[in-house]
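Enquirer: Can you keep this structure in mind? I'll have questions shortly.
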Amino acid sequence: MTVVFDLHTHHHRCGHALGEIEDYIQAAIAKGMDYIGIADHSPYFYSDEDQLYPGIAMGKSELANYVEEVLALKKKYKQQIHVLLGMESDFFPDHQDLYKHVYGKYPFDYIIGSVHYVNEVNIFRKGRWEGLNQAERVEVKEAYYRLIQQSAKSGMFQVLGHIDAMKGFYPAFSAIETPIIEETLKVIADEQVAIEVNTSGKTKDCGGWYPSHEILERAYHYGVSVSFGSDAHTPERVADDYHEVQRMLKEIGFKEMVFFVGKERKSVIL
């Protein structure tokens, strides 16, 4: 019987997900899961405002409440499922010391590092590619992956989130040719950080999963570890496509998936 886990779920605090944390835990129990990770979007700690973007991430004043709620639910449901305290953290190179300082105050099981901003523009902003020539498109893609490389080297994260999510509303992103992805996978392997297979691509224009099958094949080649996250923004999507992802990874050649408890790496044999 395989272990079923999901490290990437959200809830209402971020402003664009539905439901309470407990709804996601109960959905996971109903699906017979073993581990459910709660990893909502990190506050914008660098901002003078409490909640810089209410539709994107929780306010700074909510972080302690978030942690307290997850820990209380961990205790409440400990006989039924392992609840893990996580966070999906933005990565801003200029503010990484601040983020490290804040995270050090709390008992996170893991932190997912996700690049959501390139050249100060959200990667999902529709229209950001309009008017760019081929050289400029390559430049943006390479800037994205340089940030991912820096996030891998930061020491802040156990998992890197959706490493080709910039294709979300611009599927042509995948066809922009550059050696930067190969370079990035080598860095990730050297830093021994995991990447997630994130099944929320199906909710965007690109469809499917993050990252692409091609990237996962190259990740296997370089010895990159792989984790799983549904990136659920509704309780119904918890563990979405988990077993299909397992089968696909096994076909590529992966022998295991990884998850983290108290920052310690655990393996699920495929």
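Enquirer: Once you place label points 7 Å from the Cα toward the Cβ at GLU214 and ALA172, how far apart are they in nm?
Expert: Inter-label distance under the simple model: 1.5 nm.
Enquirer: Hey, got the dipole for segment 179-262? About the Cα centre, +1 on K and R Cβ, -1 on D and E Cβ, debye to the nearest 20?
Expert: 140 debye
Enquirer: Can you give the Rg/Rh ratio of segment 1-152, where Rg is from the C-alpha atoms and Rh is the Kirkwood radius?
Expert: So for segment 1-152, dividing Rg by the Kirkwood Rh gives 1.02.
Enquirer: Of the beta bridges DSSP finds with both residues in segment 1-138, what % are antiparallel, to the nearest 5?
Expert: Taking every DSSP beta bridge with both residues in segment 1-138, the antiparallel ones total about 15 percent.
Enquirer: If I take every Cα pair under 8 Å that is 6 or more residues apart in segment 10-133, average their sequence separation and divide by the length, what percent do I get for the relative contact order?
Expert: 23 percent.
Enquirer: Also, quick follow-up: Just from its helices, what would the mean residue ellipticity at 222 nm be for the chain, if runs of 4 or more DSSP H residues each count -39500 (n - 2.57) and the sum is divided by every residue, rounded to the nearest 500 deg cm²/dmol?
Expert: -10000 deg cm²/dmol
Enquirer: Would you kindly give the portion of the calculated P(r) for the chain that falls above 24 Å, as a percent of all Cα pairs?
Expert: 45 percent
Enquirer: Moving to a separate point now. What is the magnitude of the charge dipole of segment 71-126 about its Cα centre, with +1 placed on the Cβ of each Lys and Arg, -1 on the Cβ of each Asp and Glu, and no other charges, expressed in debye to the nearest 20?
Expert: Charge dipole, segment 71-126, about its Cα centre: 460 debye, nearest 20.
Enquirer: Continuing with this model, one more query. How large is the direction-averaged shadow of the alpha-carbon convex hull of segment 89-203, in nm²?
Expert: 7.5 nm²
Enquirer: So what is the relative contact order for the chain, in percent, with contacts set as C-alpha pairs under 8 Å and at least six apart?
Expert: Once normalised by length, the contact order is 20 percent.
Enquirer: Please name which of PHE108, ALA143, GLN80 has its Cα lying farthest along the dipole of the chain towards the positive end, using unit charges on Cβ (Lys, Arg +1; Asp, Glu -1) and the Cα centre as origin.
Expert: Among PHE108, ALA143, GLN80, the one farthest towards the positive end of the dipole of the chain is GLN80.
Enquirer: Right, something else. Quick one: check the C-alpha center-to-center distance for segment 188-234 versus segment 60-106, whole angstrom.
Expert: A separation of 22 Å, based on Cα centres.
Quick note: the coordinates plus some simple rules give every number you see, no bench work behind them. Owing to the predicted nature of the structure, the values given are computational and were not obtained by experimental measurement. Every residue, glycine among them, receives a Cβ derived from its backbone with ideal geometry; neighbour counts consider all protein chains shown.
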